[in-house]
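Just so you know, all these numbers are worked out from the coordinates, no wet-lab data involved. Values in this document were obtained by computation on a predicted structure and should not be read as measured data. Note: ideal-geometry Cβ built from the backbone for every residue, glycine included; neighbour counts use all protein chains shown.
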Amino acid sequence: MFIRKAELSDVSKIAEIHVLAWQTAYIGHMPKDFLAGLSIEKRIIEWQVWINEPGPGTTIVVEDFDEPKGFCVFGPTRDNDLSVESVGEILALNVHPTYWRHGYGKCLCDSVLNEAKNRNWNSLTLWMLKENNRANSFYKSLGFERDGAERIESIAEGATIKEVRYYVKLYQ
């Protein structure tokens, strides 16, 4: 496994991973019509912008056999109740469903945790679906815990999801 910064040439594979991971992981958590309407072609266009657009977020990919198997986007926290100087956030973490439970997600998280220390963040947060038991178990195994913050996010016209925030302290 090899971690590297995402490049424009990765956009098609990242878009495919993004859509397939959501369509698999969020069955029963998001409306069927919303999931069915996710389009790799539309995500390719969005990812071209996201990869080219300078900003505080960083996108990395984990590859094996010269092909991305997953990606992670992270950067300073977006939450107003936390300090952007000392808290980082995992904004997205997706692995192709074929490669779930093969260590790619852990490899991405380990890389982000190391980079968080390099950026002098004292903690790292992420938001996830409240009822996502698979992700809950995964993040807990890495030392993340719920911090009590919750929010409702709109994902489509008339469709909302409940999210909870997790955190891990990097320094005592």
For a quick check of your reading of the filter: which chymotrypsin sites (Phe, Trp or Tyr not before Pro) in the stretch 1-96 sit in a DSSP loop and have no more than 12 other Cβ atoms within 10 Å?
Phe65
Compute the signed sum of charges (Lys and Arg +1, Asp and Glu -1) over the other residues within less than 9 Å, Cβ to Cβ, of Thr58.
0
Please compute the contact order of the chain in relative form: average sequence separation of alpha-carbon pairs under 8 Å and at least six residues apart, divided by the residue count, as a percent.
20 percent
Shape box of the chain [Cα atoms, principal axes, largest first, Å]:
43, 38, 31
Toy charge model, Lys and Arg Cβ at +1, Asp and Glu Cβ at -1: the stretch 1-64 dipole around Cα centroid in debye, rounded to 20, equals 120 debye
Cα-based reach from Lys130 at 19 Å (exclusive), listing aspartates and glutamates while leaving out same-chain residues under 8 positions away:
Asp79, Glu89, Glu145, Asp147, Glu150, Glu153, Glu163
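Gain in length, Thr58 to Ser12, computed as 0.36 nm per residue apart minus the alpha-carbon separation, to one decimal in nm?
14.8 nm
Pull out the extension gain between Asn80 and Thr98, defined as 0.36 nm times the separation in residues minus the alpha carbon to alpha carbon distance; nm, one decimal. Walk me through the intermediate numbers first.
On the way: separation 18, 0.36 × 18 = 6.48 nm, distance 3.63 nm.
Here the answer is 2.9 nm.
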Expressed in nm to one decimal, what extension gain is obtained for the pair Lys32 and Phe2 from 0.36 nm per residue of sequence separation less their Cα-Cα distance?
7.4 nm
